[in-house]
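Notes follow once the structure below has been shown.
The values are calculated or read from the model by the stated rules, or taken from the named source; none is laboratory data. The structure displayed is predicted, hence computed values, not measured ones. Positions of Cβ are backbone-derived with ideal geometry, glycine not excepted, and every protein chain shown enters the neighbour counts. In case anyone asks, the SASA skips ligands and DNA or RNA and just uses the protein heavy atoms, side chains included. Shrake-Rupley method; radii C 1.70, N 1.55, O 1.52, S 1.80 Å.
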Amino acid sequence: MEYIITCISHNRHENIQKFFDVVGTNKITFFVKDQSDIENYKLNGALNVIASGSLMDSRNAALDYCFKQGKICIELSDDLENIMLNDFTGKRTKQYVTVIEVLNDIMPQFINSEYYLAGFPPTNNPFFALKPTELNKFIVGDFLIIKPTELRFDINMRLKEDYDFCLQFMKEKGGCIRYGKYLMSFKHYSNKGGAVSYRTEQLEQQTIKYLINKWGECIKLNTKRPNEILLNKNSYKILTSKQTTLF
């Protein structure tokens, strides 16, 4: 099955050339907020740019775009800074690869698997990624690999939508798979534009409350980091052993 590389982005057109280097190609379809984004992105070298509205609208538009063509959706965030090869020794290899190299390596395995969602650990610290594959663990939303499916991002959310997305796949599609061979570094809070432009403590807390109301004990507060959460390590078991009603 073929794939299409997409990028969800807003007001970060100045980063495009560096982003091409990280991905390893300029054949990327950008899903951006509005017409001004389209003009700015094309001026900076983007070949295919689609205005699709808000973050969640854009995420879902990318899925629709790929799935209508019968192709796997590679959904990237322009927060992606670099990708380091992991040798499972717990130490940093400082060997960097592109998105294309990652996909060339893992796609055959993923395509032949029973899973519809794949991705990578939320940390670039190799100490926390000592296994080649892990099932039903949190997958960071900045690099997602999704086979054609009816599942979509929750349009009620503006932050932390990747937690919700992972739980949907655990409940409805038999889980998800996380590859530890590659560790991502992301700019996130330091990257102007995107979610940084509206992220506030109040919105963080509203989002956490929403997720807890929706998923119950699958969501845990991160006691070490304010405004952050964790997935319960037993989430898959919880979701498959009892009925959970989605909003």
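Summary table below
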| quantity | calculated |
| --- | --- |
| Karplus-derived HN-Hα couplings along the range 157-165 (A = 6.51, B = -1.76, C = 1.60, θ = phi - 60°), whole Hz, x at Gly and Pro | 9, 10, 9, 6, 5, 5, 5, 4, 4 |
| Accessible surface of LYS91 - all protein chains present, 1.4 Å probe, nearest 10 Å² | 150 |
| Estimated inter-spin distance, GLU228 and GLN95, nm [label 7 Å along Cα→Cβ] | 2.8 |
| Nearby lysines by direct alpha-carbon distance to LYS27 (threshold 21 angstrom, same-chain neighbours under 8 apart not counted) | LYS18, LYS42, LYS68, LYS71, LYS147 |
| Inter-label distance, nm, simple model (7 Å from Cα along the C-beta direction), LYS237/GLU172 | 2.5 |
| Accessible-area value, LEU130, 1.4 Å probe, nucleic acids and ligands omitted, Å² | 90 |
| Unit charges on C-beta of K, R, D, E only; dipole of the chain, Debye | 700 |
| Helix-only mean residue ellipticity at 222 nm for the chain, each DSSP H run of n ≥ 4 adding -39500 (n - 2.57), per residue, nearest 500 | -9500 deg cm²/dmol |
| Free-standing Cys, the chain [no other Cys Cβ under 4.7 Å] | CYS7, CYS166, CYS176, CYS218 |
| Exposure of ARG92 as accessible area (Å², to 10), given a probe of 1.4 Å and all protein chains | 130 |
| Whole-percent carbon and sulfur share, accessible surface of the chain, 1.4 Å | 48 |
| Amide hydrogen neighbours beyond the local backbone of TYR3, cut-off 5 Å, H modeled | ILE72 |
| For GLY175, residues with placed amide H under 5 Å, excluding near neighbours | MET170 |
| Those lysines that a straight Cα-Cα span of less than 17 Å connects to LYS220, excepting residues fewer than 8 apart in one chain | LYS137, LYS160, LYS209, LYS233, LYS237 |
| Accessible area in square angstrom per residue, the chain, 1.4 angstrom probe | 49 |
| Estimated vicinal HN-Hα couplings, Hz - the range 219-236 in sequence order (Karplus 6.51, -1.76, 1.60; Gly, Pro = x) | 9, 10, 6, 8, 5, 8, 9, x, 6, 10, 10, 9, 8, 4, 5, 9, 4, 4 |
